Amino acid sequence: MSDLESLKNIKKQSVGDEPVVLDSGVGENTILSVQDLHTSFRTDNGEVSAVNGISFNLDRGKTLGIVGESGSGKSVTAYSIMQILAENGYVKSGKILYNGENILDWPEKKIRKFRGEKVSIIFQDPMTSLNPVFSVGYQLVEAVRLHTNKTKQEAKERAVEMLKLVGVNDPMLRMRKYPHELSGGMRQRVMIAMALCCEPDILIADEPTTALDVTIQAQILELMQDLQKKMGMSIIMVTHDLGVIASMCDEIIVMYGGRVCERGTADAIFYRPAHEYTKGLLRSIPRAENMNEKLVPIGGTPINLLNMPKGCAFCPRCENAMKICLEKLPDEYRVDDDHLAACWLNVADLMTG
């Protein structure tokens with residue numbers, strides 16, 4: 001019997017006759033359901049498959065973390081949900097269900113209404129997200145008026161109210177300032193205020209703390225958690241840093257090569273990692289209890305999306321890769337009730353254990 005047949009038999013004994021997949025059904029509390037999403041970009045060198053079959057459900061009032069290196073597909077997943085892909089990008093297949101409706105079937109007019117009113121996004125660098133030639137107040141007021149029927153005065157009052165909510169001192173003064181006159185942390189608060197001015201159901205935060213120092217990072221994350229409790233919104237936190245979302249997320253998805261490597265609760269991911277890529281990410285995080293410990297980087301370079309291997313995308317960089325890892329793409333294997341990983345090593349452990 002070949003190694004592949006042996007692994008398949010062990011997998012069937014462990015998790016049933018069918019591969020483990022997430023329940024794609026939309027539950028009562030599910031506000032967003034992404035099902036088998038494939039997003040590609042047309043380039044001069046060929047088609048780049050940036051997202052390759054990612055699925056997840058987001059419940060009301062919950063926080064989902066999407067983690068991975070640059071180029072892993074996490075931001076493209078967020079932009080696919082917002083429908084703000086570059087001109088050469090398109091959703092090839094799959095579904096994005098908002099309250100049970102597939103937004104990919106919606107006309108452009110309905111999509112524009114969806115953005116801002118139902119889902120908003122905070123981008124990585126607030127300096128490039130805010131227009132430098134308009135005051136902060138002008139941009140906030142325009143955002144409110146674009147998505148609501150408020151008058152100019154009502155929109156201004158709403159903008160001031162939101163600036164107060166996100167902790168901006170002297171909001172009337174800040175309204176007259178231009179982006180370059182504010183600090184990085186203050187600009188990010190303005191971006192959060194702009195994203196929340198229409199009280200969206202879902203907030204997508206794409207690397208919201210990357211350009212900030214550690215102290216401001218903590219303040220911004222705490223602010224987002226406080227606002228979530230007050231407004232009852234759901235959050236998708238996109239980041240390359242596992243440490244940023246350690247205590248913030250109800251569920252974490254680890255992506256590599258446009259695919260899901262591992263998913264589970266924060267405890268499962270941090271204390272029982274089951275994919276070699278996740279283990280590599282965790283080894284690169286400084287630990288407070290042992291600051292003298294040497295950090296171990298992940299060897300090699302990120303996968304070339306134009307030349308994806310048949311099997312696991314992380315295989316070329318994995319020290320424990322087996323022959324099957326090159327030849328066969330692993331399904332998501334259930335490690336625990338709240339923990340899944342797409343790694344052949346988990347099945348191999350059963351054979352030797």
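For residue 59, the amide hydrogen comes within under 5 Å of the amide hydrogens of 31, counting only partners 5 or more places away or on other chains and with H modelled in the peptide plane.
For the chain, the relative contact order works out to 21 percent when only alpha carbon pairs closer than 8 Å and six or more residues apart are counted.
At q = 0.15 Å⁻¹, what is the base-10 log of I(q)/I(0) for the chain according to the Debye formula with one equal point scatterer per Cα and no solvent? Please give it to two decimals. One equal scatterer on each Cα of the chain leads to -1.34. Ranked for footprinting exposure by Cβ neighbours inside 10 Å, fewest first, 39, 148 give 148, 39.
The calculated FRET efficiency for the pair residue 113 and residue 295, based on their C-beta separation and a Förster distance of 56 Å, comes to about 0.75.
Rounded to the nearest 0.05, what FRET efficiency do residue 181 and residue 319 have when you use their Cβ-Cβ distance and R0 = 51 Å?
Values: r = 50 Å, r/R0 = 0.98.
Using R0 = 51 Å, I get an efficiency of 0.55.
If the segment from residue 229 to residue 164 were pulled out straight at 0.36 nm per residue, it would be longer than the present Cα-Cα gap by 21.8 nm. Measure up 62/156; 113/230; 74/109 against 28 Å on the Cα-Cα distance and list the ones that go over. Violating the 28 Å limit, Cα to Cα: 62/156. Residues considered: 131, 304, 45. Largest GNM mean-square fluctuation over the chain, using C-alpha springs under 10 Å, is found at 45.
Note on segment 203-353: antiparallel DSSP beta bridges, both residues inside, total approximately 75 percent of the bridges counted.
DSSP beta bridges confined to the chain are antiparallel in about 65 percent of cases. Across segment 122-133, rounded Karplus estimates of 3J(HN,Hα) from the backbone phi angles (6.51 cos²θ - 1.76 cosθ + 1.60, θ = phi - 60°) give 10, 8, 5, 10, x, 5, 8, 7, 8, 6, x, 9 Hz, Gly and Pro being marked x. Ordering 129, 233, 271 by the projection of their Cα atoms onto the charge dipole of the chain, which places +1 on the Cβ of Lys and Arg and -1 on the Cβ of Asp and Glu, puts 129 at the extreme positive end.
Quote the relative contact order of segment 21-121 in percent (integer), defining contacts as alpha-carbon pairs under 8 Å separated by 6+ residues.
33
Per-residue ellipticity at 222 nm from helix content only, as computed over the chain with -39500 (n - 2.57) for each DSSP H run of at least four residues, stands at -10500 deg cm²/dmol.
Read the figures in this text as sums done on the coordinates, not as results from a lab. These numbers were taken from a predicted model, which means no experiment stands behind them. Positions of Cβ are generated from backbone atoms using ideal geometry, with glycine treated the same way; all protein chains shown enter the neighbour counts.
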